[in-house]
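> Before anything else, here's the structure in question.
Throughout, read-outs are computed from the coordinates displayed, never taken from laboratory work. Remember, it's a predicted structure, so these values are computed and weren't measured experimentally. Neighbour counts run over all protein chains shown; Cβ positions are idealised from the backbone, glycine included.
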Amino acid sequence: MKLFQRRALPTVDAEAVLADARKLIGRQVEQPARRAFLQRTLTLGGLSLLTGCSISDDPSVDAALTRISRLNDTAQGWLFNPKQLAPTYPESMITRPFPFNAYYGEEDVREVDEASYKLEVTGMVADKRRWTLPELRAMAQTDQVTRHICVEGWSAIGKWGGVPFADFLRRVGADTTAKYVGFKCADDYYTSIDMPTALHPQTLLALTYDGQPLPPKYGFPMKLRMPTKLGYKNPKHILAIFVSNTYSGGYWEDQGYNWFGGS
Ligand SMILES: Nc1nc2c(c(=O)[nH]1)N[C@H]1C(S)=C(S)[C@@H](COP(=O)(O)O)O[C@H]1N2
Ligand SMILES: [Mo]
């Protein structure tokens, strides 16, 4: 029985990727035991990436791959450097037009009503009140030109503006020792991320694209933009944010994509 169909992952030279990763670990991790462990788990992570390309009909194989992928999440979490910045680009390098992508076609993009919109914030936060768009626009904004990388094999440079997510989390009194921040969207999309990435200085609650309010196709009224993570980890049309210690997966993650999803 076919459990699910994985979409094609990018063609990567696995050996080159692994060699790079091991070099990186060699440079960054000082303790020999931890270094050796990370190098081992990364080999498995590389395997998971490769095997993710083929469709498995065997539930036990799937279960094993899921375990490997979760181990890879742990390794990626350790490797994640909260101070390391993703590259930024000059505005002249912005990809025009910027590609649209979703699990449906552009004709089915969700239209969220601005006047009635209120962002829900729940879970491990002190202040659970809902946020209107004008309230979010009144917070200090910043913008950045970064590269979005989609596992379907394309990447593009775009400019997003909005509220640094760390500022927002502090403003709502989020418990930043919690493990996860989860997102529910206006379509059937959902995802969750690790707290260190949520607090990363380049993680933005994006309200604009290229200086204009985020158009519907790019996720109106807001998306979470993380240049340190792959495209599918960046939820568009966010309706609800929750802070939690309970793992809640994601739309693609629950179909076999790696949960950490770092780029
Ligand atoms: N709500 C929602 N968010 C989503 C998706 C989606 O289908 N629905 N697709 C993800 C994927 S796989 C990608 S590559 C990006 C595409 O964002 P873009 O349309 O701004 O290029 O959105 C991500 N966030
Ligand atoms: Mo994607």
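> Give region 238-263 a look and list any residue that's β-branched (Val, Ile, Thr) and crowded, with 21+ Cβ neighbours inside 10 Å, or say none.
Ile238, Ile241, Val243
> Mind counting the residues in region 144-171 that are in contact (Cβ under 8 Å) with a residue 12 or more places away in the chain and either more than 10 Å from ligand 1 (Cβ to nearest atom) or of a type in the set (Val, Ile, Thr) (or both)?
19
> Moving on to the next point. In region 209-237, what residues are more than 12 Å from ligand 2 (Cβ to nearest atom), in a loop (DSSP other than H, G, I, E, B) and crowded, with 20+ Cβ neighbours inside 10 Å?
Leu214, Gly219, Phe220, Pro221, Met222, Met226, Pro227, Thr228, His237
> For region 66-106, what are the residues that are within 16 Å of ligand 2 (Cβ to nearest atom) and in contact (Cβ under 8 Å) with a residue 12 or more places away in the chain?
Result: Thr95, Phe98, Pro99, Phe100, Asn101, Ala102, Tyr103, Tyr104, Glu106.
> Sticking with this one: Inspect region 214-229 for any residue being closer than 17 Å to Leu85 by Cα, away from ligand 1 (no atom under 14 Å from the Cβ) and not hydrophobic (A, V, I, L, M, F, W, C) and give the result as yes or no.
Yes, because at least one residue in region 214-229 is closer than 17 Å to Leu85 by Cα, away from ligand 1 (no atom under 14 Å from the Cβ) and not hydrophobic (A, V, I, L, M, F, W, C).
> What is the number of the single condition among (1) over 15 Å from Asn234 (Cα atoms); (2) surrounded by fewer than 18 Cβ atoms within 10 Å (Cβ to Cβ) that Ser155 does not meet?
With (1) over 15 Å from Asn234 (Cα atoms); (2) surrounded by fewer than 18 Cβ atoms within 10 Å (Cβ to Cβ) applied to Ser155, the lone miss is (1).
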